[in-house]
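Values quoted throughout were computed directly from the atomic coordinates according to the rules given, and no laboratory measurement underlies them. Everything numeric here is computed off the predicted structure, so don't read it as measured data. Neighbour counts are summed over all protein chains in view; Cβ atoms, including those assigned to glycine, are modelled from backbone coordinates with ideal geometry.
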Amino acid sequence: MSEETQRKTLEFSHDEMREIGYRVIDMLVDYYRDRAERPVAETLDHAALEAILSEPPPRTGMPWRAALEQFERQVVDSSNRVDHPRFFAYIPLANNFIGVMADALAAGYNIFNAVWLQAAGAAQVERLTVDWLRQIVGLPEGAGGTFVSGGSVANLTALAVAREIQLGGDTSGAVAYCSDQIHFAVSRGMRILGFAPEQLRNIRSDANFRLPLGGLRAAINSDRAAGRRPFCVIASAGTTNTGAIDPLADLADLCQREDLWLHVDGAYGAPAILTEAGKRALTGLERVDSLALDAHKWLFQPIECGVALVRDRRWLSQTFRETPEYLKDMQSEGEELNFMYQGIQLTRQFRALKLWLSIKVFGLDAISEAIAAGFENAELAERLLREAGVWEIVTPAQMAILTFRYKPANGNEEIADRVTHDLVGRLLHDGRAFASGTQLRGKPVMRMCCNNPRATPADLETTVQLMTRLAAELEAALSDVPASD
Ligand SMILES: *Cc1c(COP(=O)(O)O)cnc(C)c1O
């Protein structure tokens, strides 16, 4: 191919395409091979990055090798390695290679997964993969869902369905209920859907950070008495903070009695139902009206793989179909395969492909074991922290998450607060392991999320030892200066 043609059509020769592809694979495999030996996080100075990564859009191109090198040096090396075996912060995102290749295939074949007539096989794979998830979480036949970018959009999509089906689209006086541990994606989603802040009641969670039934009932009764319209309970199946699971079965009973919609944010925790421990903890999940789930968290997919599930798959098209007259006579099977009417996207990536291929290649048994490893790792982390003697466990291992605080020998709460709070920055700076902090009841806590099955016992020991040493250093440094008031 002449250079002239290449420039006009934005193409490469077949040989060059292979060369680029092989180079990309080499980059990735080298990264996976060396990952555990590299720092978990390398913080590049923001100003320095701004200087080297700012330029006007170039009029002429550059060799692809050089562009890839810049990407590797400046972008990859300045990103937290969220799939590193000693990354325990936020929610670790341990993807898998088949999923990665599936994303390349979906992009490469550029499958337009919106209308079944245009890509019937892709629509069928999405429908099938959604149905596998339906079976996994225990929803009845007839339930359905759609792949979206992640948990935020899955919650938004499901709550849009609740608004349409439960409220007929009329939000006036409507009230939804959740605990104060709900993910901010839910409150943001409600705001986007046109609900005022007071239309989402944040009920103070109980001692175990769960939505309390008594408080919920009282809030519903007082809203009804005031003439408002309670319509939805939003529960968590594994909060991001502590892994707490709201009492799903009791909430399902209450919602049934009170004719309320039950939406569950299972973005993080729902996949745990594939394990014995998770199945016990998630009793009641099969009774939800809608569920948000993130396959890029505990189902090991590359980022942007969320799913919104609903108890009756027709609710999706009832909510998102934009041309009801034109489609009135077409309530066929086919329509439910038109994913452009199942959510807010028209042109859609084929996101189901990565989960479908992963489940086929590994099988559910292997995936269950990988999820179970997270439970075991969190229990080990808890044991190691207790043995270290300077940590107070605030919430024990639950859904592979635990929280803890530094416990100085003299029991001084202010020192505990400051060391616990400052430890995150010290870890980030150190780079050998990373855990993040959060606040529970206004107090700083450290938090480890252990859902990466590739974390070894040695990784957990290294991490606990490192935190223990850094915390002691922080405390020593504090006692050198007068305590602030
Ligand atoms: C991560 C998370 C979300 C948001 O999901 P994204 O994929 O980040 O958009 C919502 N709820 C919970 C419980 C989560 O852990």
Heads up, the chain by the C-alpha gyration tensor (a ≥ b ≥ c square roots of eigenvalues; a/c under 1.5 rounded, else a/b over b/c prolate, else oblate) looks oblate
Treating only Lys and Arg (+1) and Asp and Glu (-1) as charged, each at its beta carbon, one finds that the chain has a dipole about its Cα centre, in Debye to the nearest 20, of 820
Can you spot the lysines whose alpha carbon is less than 26 Å from LYS360's alpha carbon? Ignore those fewer than 8 places along the same chain. LYS279, LYS297
Taking the Cα-to-Cβ direction at ASP45 and at PHE362 and moving 7 Å from each Cα, how far apart do the two end points lie in nm? 4.1
If you rank MET27, MET62 by fewest surrounding Cβ atoms within 10 Å, what's the result? MET62, MET27
With charges only on Cβ, +1 for K and R and -1 for D and E, what is the dipole size of region 239-329 about its Cα centre, in debye, rounded to 20? 240
Would you list which lysines come within 24 Å of LYS443, measuring only between C-alpha atoms, while excluding same-chain residues fewer than 8 positions from it? LYS407
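Starting from the Cα-Cα distance between ARG188 and GLU376, subtract it from 0.36 nm times their residue separation and give me the gain in nm to one decimal.
Result for the pair: 64.3 nm of gain on full extension.
In what sequence do ILE182, ILE192, ILE415 fall when counting other Cβ within 10 Å, fewest first?
ILE192, ILE415, ILE182
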For q values of 0.24 Å⁻¹, compute log₁₀ I(q)/I(0) with the Debye formula on a Cα-only model of region 47-154, without solvent. -1.35
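Do the sum for the chain: with -39,500 (n - 2.57) for every DSSP H run of n ≥ 4, divided by all residues, what is the mean residue ellipticity at 222 nm, to the nearest 500 deg cm²/dmol?
My calculation for the chain gives -14500 deg cm²/dmol from helical runs alone.
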Could you size up the charge dipole of region 95-215 around its Cα centre, putting +1 on the beta carbon of Lys and Arg and -1 on that of Asp and Glu, and report it in debye to the nearest 20? 220
Checked region 332-403 with the C-alpha gyration tensor, a ≥ b ≥ c its square-rooted eigenvalues, rounded below a/c of 1.5, otherwise prolate if a/b is larger than b/c and oblate if not; verdict prolate
Charges on Cβ only, +1 for Lys and Arg, -1 for Asp and Glu, centred on the Cα centroid of region 342-485; of ASN410, ALA372, LEU355, which one is farthest towards the dipole's positive end? LEU355
Could you pull out the longest piece of the chain with no exposed loop GluC sites (Glu not before Pro) in it, calling a site exposed if DSSP puts it outside H, G, I, E, B and it has at most 15 other Cβ atoms within 10 Å? 43-321
Projected onto the charge dipole of the chain (+1 at Lys/Arg Cβ, -1 at Asp/Glu Cβ, origin at the Cα centre), which of LEU466, MET448, LEU117 gives the Cα projection farthest towards the positive end? LEU117
If each K or R counts +1 and each D or E counts -1, the residues other than GLY151 whose Cβ falls under 9 Å of its Cβ total -1
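Take the alpha carbon gyration tensor of region 389-485, find the square roots of its eigenvalues, order them as a ≥ b ≥ c, and report rounded if a/c is under 1.5; if not, report prolate when a/b exceeds b/c, else oblate.
Details: a/c = 2.08, a/b = 1.51, b/c = 1.38.
Since a/c reaches 1.5 and a/b is larger than b/c, the shape of region 389-485 is classed as prolate.
Out of the trypsin sites (Lys or Arg not before Pro) in region 333-417, which ones are loop residues according to DSSP with at most 12 other C-beta atoms within 10 Å? Intermediate values should be presented prior to the final figure.
Numbers: sites: ARG348, ARG351, LYS354, LYS360, ARG383, ARG386, ARG405; in loops: ARG348, ARG351.
Counting only loop positions with at most 12 other Cβ atoms within 10 Å, none of the trypsin sites (Lys or Arg not before Pro) in region 333-417 qualifies.
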